[in-house]
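Visitor: Quick one: structure below, then a few questions.
The values are calculated or read from the model by the stated rules, or taken from the named source; none is laboratory data. Quick caveat: nothing in here was measured; it's all calculated off a predicted structure. Every residue, glycine among them, receives a Cβ derived from its backbone with ideal geometry; neighbour counts consider all protein chains shown. Only protein heavy atoms, including side chains, enter the accessible area calculation; ligands, DNA and RNA are left aside. Shrake-Rupley method; radii C 1.70, N 1.55, O 1.52, S 1.80 Å.
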Amino acid sequence: MSINTLTQLPNRVYESELFLNKATGHIRPGGTELTRRLVEFCGLQPGDRLLDVGCGTGASVAYLQRDFGLQAQGLDPSALLLERGRRLYPEIILRQGRGEELPYPNQSWKGILCECSLSLMELEVAGQEFYRVLYPGGWLMITDLYWRQPHRQSPGQVFPTRRSCVLQGARGMEDLLQHLQELGFALRLWEDCSQVLNQMVFDIIMEHGSLTAFWEKILPADDPGLCQQTAVSGKPGYYLLAAQKKWGGERNVIGKNSGAGPARPLLQPDHGPSGPGSQR
Amino acid sequence: MNNESRSRVLCVKCQVPLEEGKVSIAYLSNTFYADLLRCPLCGQVFIPEELALGRMAEVEKTLEDK
């Protein structure tokens, strides 16, 4: 796809082939190592049902199906990326849709995976949908961008572009964890993985010469210098997170536990009644 | 340097043509991976001047700004 003029630019920044890691097929920082870390931590077993929300071309779906034997499927709003994915991975199931409106019945998935895609969704709405479609004790697995020094205004107001990109929806850690707790999820794992951003920056500079040159290609109608300055001022980082849907009765109690601050990482998965090896 | 001339670069020690491959580059506490020319025998890596003074320097500057 040629991306020389504004009219040829995709509406969603992540649809641009400039973001495609040609070696891995992923449209995000990092390769499969973070995906593997999450699946292993959560103890997912062959045959477990996992939904990748914001799957892009479905590279992770194909990987999880092939290497872990999961019943993995992908959902993404981008018809362009899904079309690419169906050509690349004809063996997997991809469906068009949004995280805020999941086209699946209640309690139908053991795990939900969002890799660099949660920031593109309305967290409160998508989070309720994740809760609805997960089994009790099911896993929400996320890797995404976050601000290590959050801006005072909401990022959507700060980041100077009208095009859809993760920098608009990224949050600070405390804000994110507070929301997940209120939505009914118990945090089991949080890890800072900002090293993958450094590798991404390295790759971008090797290919495009500088970050500024990259911004100019991605956001030509905006102010690339201001975009870069805004991004740098928030100290972008990258995290990996696993949270577990609480059992029915726990949810409201936790949701009303305001003022308790963000959940603390427990670092111990609670496999509970729907844990590894259990019958569904 | 174009692809043809790159493929003719010889290892000064082993006198065999360098081959493109993934190499790790350590900088401060970071390790990066890049496709560069390296000797298939001794593993010595060729970093062109343009890369060292241009893009690698840009990486250093950018990471220091972060």
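Visitor: Which of B:Leu63, B:Leu18, B:Leu28 sits farthest toward the positive end of the charge dipole of region B:3-65, with +1 on the Cβ of Lys and Arg and -1 on the Cβ of Asp and Glu?
Guide: B:Leu18
Visitor: Accessible area per residue of region B:3-65 at 1.4 Å probe, in Å²?
Guide: Values: 4200 Å² over 63 residues.
Here the residues of region B:3-65 average 67 Å² of exposed surface.
Visitor: Residue by residue through region A:65-77, which ³J(HN,Hα) values in whole Hz follow from phi under the Karplus form 6.51 cos²θ - 1.76 cosθ + 1.60 (θ = phi - 60°), with glycine and proline marked x?
Guide: After applying 6.51 cos²θ - 1.76 cosθ + 1.60, I find 5, 6, 8, 10, x, 6, 7, 9, 9, x, 9, 7, x Hz.
Visitor: Under 1.5 on a/c is rounded, so check that first for region B:3-65, then, if it is not, pick prolate when a/b is larger than b/c and oblate when it is not; a ≥ b ≥ c are the square roots of the alpha carbon gyration tensor eigenvalues.
Guide: Numbers: a/c = 2.80, a/b = 1.88, b/c = 1.49.
Prolate.
Visitor: Still on this structure, I have one more. Accessible area per residue of region A:52-153 at 1.4 Å probe, in Å²?
Guide: On the way: 3960 Å² over 102 residues.
Accessible area per residue: 39 Å².
Visitor: With a cut-off of 8 Å between alpha carbons and a minimum separation of six or more residues, what is the relative contact order of region B:3-65 in percent? Intermediate values should be presented prior to the final figure.
Guide: Working: 67 pairs, mean separation 14.2, N = 63.
Computed value for region B:3-65: 23 percent relative contact order.
Visitor: Got a number for the accessible area of A:Glu40? Probe 1.4 Å, square angstrom, nearest 10.
Guide: Surface accessible to solvent at A:Glu40 totals approximately 110 Å².
Visitor: So, with a 1.4 angstrom probe, what is the percent of accessible area on region B:3-65 that is carbon and sulfur?
Guide: Numbers: 2110 of 4200 Å².
For region B:3-65, the apolar C and S fraction of the accessible surface comes to 50 percent.
Visitor: Would you tally the net charge around A:Tyr146, using a Cβ to Cβ cut-off of less than 13 Å, leaving A:Tyr146 out, and scoring K and R as +1, D and E as -1?
Guide: Numbers: positive: A:Arg148, A:Arg171, A:Lys235; negative: A:Asp144, A:Glu174, A:Asp175, A:Glu191, A:Asp192.
In short, -2.
Visitor: How many Å² of accessible surface get buried when A and B come together, counting both sides, probe radius 1.4 Å, rounded to the nearest 100?
Guide: Numbers: alone 12910 and 5160 Å², together 16730 Å².
Roughly 1300 Å².
Visitor: Whole-Hz Karplus ³J(HN,Hα) for region A:30-44, in order, using 6.51 cos²θ - 1.76 cosθ + 1.60 and θ = phi - 60°, x for Gly and Pro?
Guide: Running phi through 6.51 cos²θ - 1.76 cosθ + 1.60 with θ = phi - 60° gives x, x, 8, 5, 6, 4, 4, 4, 5, 5, 5, 4, 7, x, 5 Hz.
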